[in-house]
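To start, the structure itself, in structure tokens.
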Amino acid sequence: MESERSSPAHRAKALSQRPVVDRETASRARDRLDVAHARLHRKWGRLFWLLTGPGILVMLGENDAPSMLSYAATGSRFGIGFFIPFVLLTFAMALVVQEITVRLGAASKMGHAELIYKRFGRFWGNFAMVDLLFANFLTLVTEFVGIVAGAGYFHVPAPFAVLLGLAVVSSALLFRRYWSWERLILALASFNLVFFVVALMAPIPWSGVGHALWSWAPWPGHWSANILIMILADIGATITPWMLFFQQGAITDKGLAQRDILWGRIDTTLGAILAAIAAIGCIAVTALLYHHPMNARQFGAAQFAQALVPFIGRLGGALFALGIFDAGLVAAVAISTSSAYAFGEVVQQGHSLNQEFHEAKGFYLVLIGVATIAGGMVILPGFPLEMVVIIVNVVAVLTMPPAIGFLLILANDREVVGVHQNSGLLNILGILVGVFISLAGIIYAFTVMFPTLPG
């Protein structure tokens with residue numbers, strides 16, 4: 001009997017009966033082992049390096065091409081004043097919303113679309129996915145507008161710029177591991193801080209920036225439809241539905257556990273601070289164009305960067321253009337990934353960057369497909385760029401209230417988040433964010449239907 005058990009045939013049979021561990025599970029287990037080792041030996045720097053990423057990525061990713069161009073338009077039209085502290089407020093609102101996704105992802109081990117699907121049913125799951133895919137596609141188009149605009153400053157033809165963007169989006173196929181992919185995109189996202197570097201190179205009256213942060217003044221003239229549109233655009237530049245789906249999907253893909261929630265909060269807070277610094281830098285430097293305001297018709301050839309050259313030199317102009325290019329590139333990756341997460345979660349197919357292409361075909365096809373279609377539209381002859389950058393952020397505002405409604409219901413469901421459900425204060429803050437955004441959308445709709453505001 002013993003000889004039979006030790007025979008090669010018996011060992012082969014025993015090995016064949018062992019459960020097969022798929023690549024996704026093995027990759028995540030390896031990452032969690034590294035986390036456990038760092039935590040056991042109190043290597044807090046190593047733990048920070050291992051657990052941060054989704055929060056920084058989502059915040060810097062939301063500083064995308066249309067967002068940075070909206071901030072640039074804000075600075076050139078209204079100068080230094082009300083909009084600088086207002087942008088800080090919008091990032092504080094984004095932090096409230098994204099902190100909830102940290103708890104939802106770590107507690108449920110599910111992505112946002114999957115949670116909606118299981119908690120509210122097939123209809124609302126499909127509704128959330130279709131709504132997200134539509135809004136994401138519109139936003140992706142503007143990301144490639146930014147990629148083409150930034151590359152255009154260096155006389156790079158639009159088709160080549162689009163191909164470069166698609167190559168970076170498609171790089172997910174090469175890594176086959178979430179953590180490695182995340183490090184690459186984080187490196188690209190960190191370049192967003194170049195807008196603050198450019199601001200330091202410019203002759204900016206920093207005392208005026210400090211005064212604006214303290215006093216919210218000066219107000220940008222009489223109330224008008226133009227001011228309202230910029231307020232909406234700057235809200236949409238900071239808070240959008242894709243952020244919920246991306247960060248929660250990334251947290252699940254990264255394998256964060258409930259005991260990692262504090263690190264997720266630190267990650268998201270750091271991301272919000274870095275993104276706010278870059279946004280304020282962009283507004284401050286383009287405030288130099290206050291007496292020469294730019295508009296959406298001038299985005300296509302990176303005119304902002306060219307107009308800034310007399311104030312910040314050729315190097316500063318080149319860095320500004322590279323910043324716009326990079327912002328579009330990082331956001332194109334993040335938004336495409338959020339669409340792929342939502343699709344895979346709702347159709348209940350593979351949806352992890354730890355998986356091979358044959359294990360998650362739908363996920364990768366959506367990830368690359370939506371970016372390819374969006375990039376192709378940008379290089380069509382006669383593609384209308386006028387106001388598309390501003391309007392896409394306004395659309396993001398109008399689609400955000402339902403997303404916040406779903407988010408708050410899930411965050412208060414003990415079956416979903418357990419002991420990590422929202423506190424009373426967080427519920428109040430979340431409701432205030434939803435009400436604020438809803439009112440902004442209602443006022444905008446009112447001005448469209450009854451254009452009585454001067455503008």
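The values are calculated or read from the model by the stated rules, or taken from the named source; none is laboratory data. Since the model is a prediction, treat every value here as computed from it, not as a measurement. Cβ: placed from backbone, ideal geometry, glycine included. Neighbour counts: every protein chain shown.
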Over the stretch 356-365, the set of residues in contact with a helix residue (DSSP H, G or I) (Cβ under 8 Å, 6 or more places away or on another chain) and surrounded by fewer than 24 Cβ atoms within 10 Å (Cβ to Cβ) is GLU356, PHE357, GLU359, ALA360, GLY362, TYR364
Conditions (1) closer than 21 Å to LEU60 by Cα; (2) modelled with pLDDT of 85 or more -> VAL309 fails only (1)
Q) Would the stretch 178-199 turn up any residue that is in contact with a Phe, Trp or Tyr (Cβ under 7 Å, 6 or more places away or on another chain), in a helix (DSSP H, G or I), at pLDDT 85 or above and not aromatic (Phe, Trp, Tyr)? A) yes
| task | Report yes if some residue within the stretch 167-175 is surrounded by fewer than 15 Cβ atoms within 10 Å (Cβ to Cβ), free of Cβ contacts under 8 Å to residues at least 40 places away in the same chain and assigned to a helix (DSSP H, G or I); otherwise report no. | result | yes
Of the residues in the stretch 333-362, those that are out of contact with any Phe, Trp or Tyr (no Cβ under 7 Å at 6 or more places or on another chain), in a helix (DSSP H, G or I) and closer than 19 Å to ALA167 by Cα number 4
Note on the stretch 266-294: residues assigned to a loop (DSSP other than H, G, I, E, B) and of a type outside the set (A, V, I, L, M, F, W, C) are TYR290, HIS291, HIS292, PRO293
Review point. Quick check: is even one residue across the stretch 276-286 closer than 18 Å to GLU143 by Cβ, touching a Leu at 6+ places or on another chain (Cβ under 8 Å) and in contact (Cβ under 8 Å) with a residue 40 or more places away in the chain?
Key: yes
Residues of the stretch 211-265 being among the small types (Gly, Ala, Ser) and not in a helix (DSSP H, G or I), in sequence order, are ALA217, GLY221, SER224, ALA237, GLY255, ALA257
Residue hits (the stretch 301-336; under 17 Å from ILE204 (Cβ atoms) and not small (Gly, Ala, Ser)) are PHE304, LEU308, VAL309, PRO310, PHE311, ILE312, LEU315, LEU319, PHE320
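Can you pull out the residues in the stretch 31-68 that are acidic (Asp, Glu) and buried (at least 24 other Cβ atoms within 10 Å of the Cβ)?
Listed by number, the residues that qualify are GLU62, ASP64.
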Considering the stretch 340-355, residues that are over 21 Å from GLY121 (Cβ atoms) and either among the small types (Gly, Ala, Ser) or modelled with pLDDT of 90 or more (or both), and then whichever is surrounded by the most Cβ atoms within 10 Å (Cβ to Cβ), we arrive at ALA340
Flagged in the stretch 178-193 as buried (at least 20 other Cβ atoms within 10 Å of the Cβ) and not hydroxyl-bearing (Ser, Thr, Tyr), in numbering order, are TRP181, GLU182, ILE185, ALA189, ASN192
Filtering the stretch 370-411 for residues that are modelled with pLDDT of 70 or more and within 25 Å of LEU104 (Cα to Cα) leaves a count of 14
The correct count of residues that are small (Gly, Ala, Ser), touching a Ser or Thr at 6+ places or on another chain (Cβ under 7 Å) and either without any contact (Cβ under 8 Å) to a residue 40 or more places away in the chain or outside any helix (DSSP H, G or I) (or both) in the stretch 99-131 is 1
*VAL87 vs. criteria touching a Leu at 6+ places or on another chain (Cβ under 9 Å) and of a type in the set (Val, Ile, Thr)*: no
In the set ALA321, ALA374, the lone residue that is of a type in the set (Gly, Ala, Ser), crowded, with 21+ Cβ neighbours inside 10 Å and over 18 Å from the mean Cα position of the chain (by Cα) is ALA321
All-but-one check, GLY75 against (1) in a helix (DSSP H, G or I); (2) modelled with pLDDT of 85 or more; (3) more than 24 Å from the chain's Cα centre (by Cα), failing number (3)
From the option list ILE261, ILE235, single residue qualifying as surrounded by fewer than 24 Cβ atoms within 10 Å (Cβ to Cβ) and touching a residue at least 60 places away in the same chain (Cβ under 8 Å) is ILE261
Of GLY45, GLY55, the only residue that is under 30 Å from VAL145 (Cβ atoms), modelled with pLDDT of 85 or more and assigned to a helix (DSSP H, G or I) is GLY55
Of the residues in the stretch 78-98 that are in contact with a Gly (Cβ under 8 Å, 6 or more places away or on another chain) and part of a helix (DSSP H, G or I), the one that is modelled with the lowest pLDDT is PHE78
